[in-house]
Amino acid sequence: MRLGYNRRAANRAAGKSGAKNTGPKYPHPRNLTLLFKEGAVDGEACADPFTIELQMYLEMKGFPHKVHIVDPEKGKNLPDWFRKNNWDGILPMTKYDKDQYKLGSAETMMALEKKFRVPLMSGGGMGAGRFRGKTVKNLTLSLLKSVRPYDETNPDWTDLVHEFKQLDEYLVQCHGKEGDYMKSKRFSLWDIRMVPALYNLVTIANYFKPGFALPEDVPHLRSYLNHAFEDPVFKKFCPSVRKIVRYYEPKLNMRIVLPDDVV
């Protein structure tokens, strides 16, 4: 009994001394540490859409965390537990609680969302499971590697247009045709997975291969992106055009000379 009294007294004293608990008041992962791959700028995360979506997710959940910028290829800033638990060097990587390790943004978000439901995040509308952003991410690389133009002679382009049309239909199904796609004022998990990949594509495609434009027959997707790209959470972590270009250059084995006014 005396022990319980002493603890309560200590808590009251801490409150009077002005000590503050800076963490959230709801359950959250302890000692959450993230490893992001270094980009073109030393000490800054790269423009990888997987990195951006995980940053957005943690911002919206309000989970306190530490970030380490690493480069596995150079062996730069790697903690001891990286090699032991990540033989393939998959990034981003997450460590939390009692040695819980997760590889990649999707696995991390799925695990954290399952265990820490508050604040609750929507998964998206009916049919959202068809779209995880992976198709857009994969087609971005294959489309920009291809020497064919953005037309029906290019199978990567036709596949991407098909994906655009499905996304357009999904937005109509979820939000109706009035175009108020951000009515809730809060991203869902679906938005987090899709927006960074789509932003990277529409932002830098023409730097690598001119002629790209979203099709005219996907008006709802075009309107949605105009809203989504202005969302405060996305804008906080949105990489610059120059960083996105530098991220894709080694993947496409190309070097782009950017105008001085491109930041």
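The values are calculated or read from the model by the stated rules, or taken from the named source; none is laboratory data. If you're wondering where the values come from, they're calculated on a predicted model, not measured in any experiment. Virtual Cβ from ideal backbone geometry, glycine too; neighbours counted across all protein chains shown. When the accessible area is computed, the model is the full protein with side chains, heavy atoms only, and any ligands, DNA or RNA have been set aside. Shrake-Rupley method; radii C 1.70, N 1.55, O 1.52, S 1.80 Å.
Could you please find all residues in the stretch 53-90 being farther than 28 Å from Leu189 by Cα, open to solvent by 60 Å² or more (accessible area, probe 1.4 Å) and in contact with a strand residue (DSSP E or B) (Cβ under 7 Å, 6 or more places away or on another chain)?
Selection gives Lys76, Asn77.
Mind telling me which of the residues Thr94, Thr108 ends up being within 30 Å of Leu32 (Cα to Cα), open to solvent by less than 40 Å² (accessible area, probe 1.4 Å), of a type in the set (S, T, N, Q) and outside any helix (DSSP H, G or I)?
Thr94
So how many residues does the stretch 39-52 have that are under 16 Å from the mean Cα position of the chain (by Cα) and either on the phi > 0 side of the Ramachandran plot or open to solvent by 20 Å² or more (accessible area, probe 1.4 Å) (or both)?
4
Residues are listed down the side, and each one gets a yes or a no for (1) at pLDDT below 90; (2) of a type in the set (Val, Ile, Thr):
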position: Leu144; (1), (2): no, no
position: Tyr170; (1), (2): yes, no
position: Lys177; (1), (2): yes, no
position: Phe187; (1), (2): yes, no
position: Val195; (1), (2): no, yes
position: Phe208; (1), (2): no, no
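Suppose we filter Tyr224, Tyr247, Tyr199, Tyr170 for residues that are more than 25 Å from Pro119 (Cβ to Cβ) and not in a loop (DSSP other than H, G, I, E, B); which single one remains?
Tyr247
Which count do you get for residues in the stretch 231-251 that are touching a residue at least 60 places away in the same chain (Cβ under 8 Å) and open to solvent by less than 20 Å² (accessible area, probe 1.4 Å)?
4
Looking only at the stretch 2-38, count every residue that is at positive phi and either modelled with pLDDT under 90 or assigned to a helix (DSSP H, G or I) (or both) and tell me the total.
1
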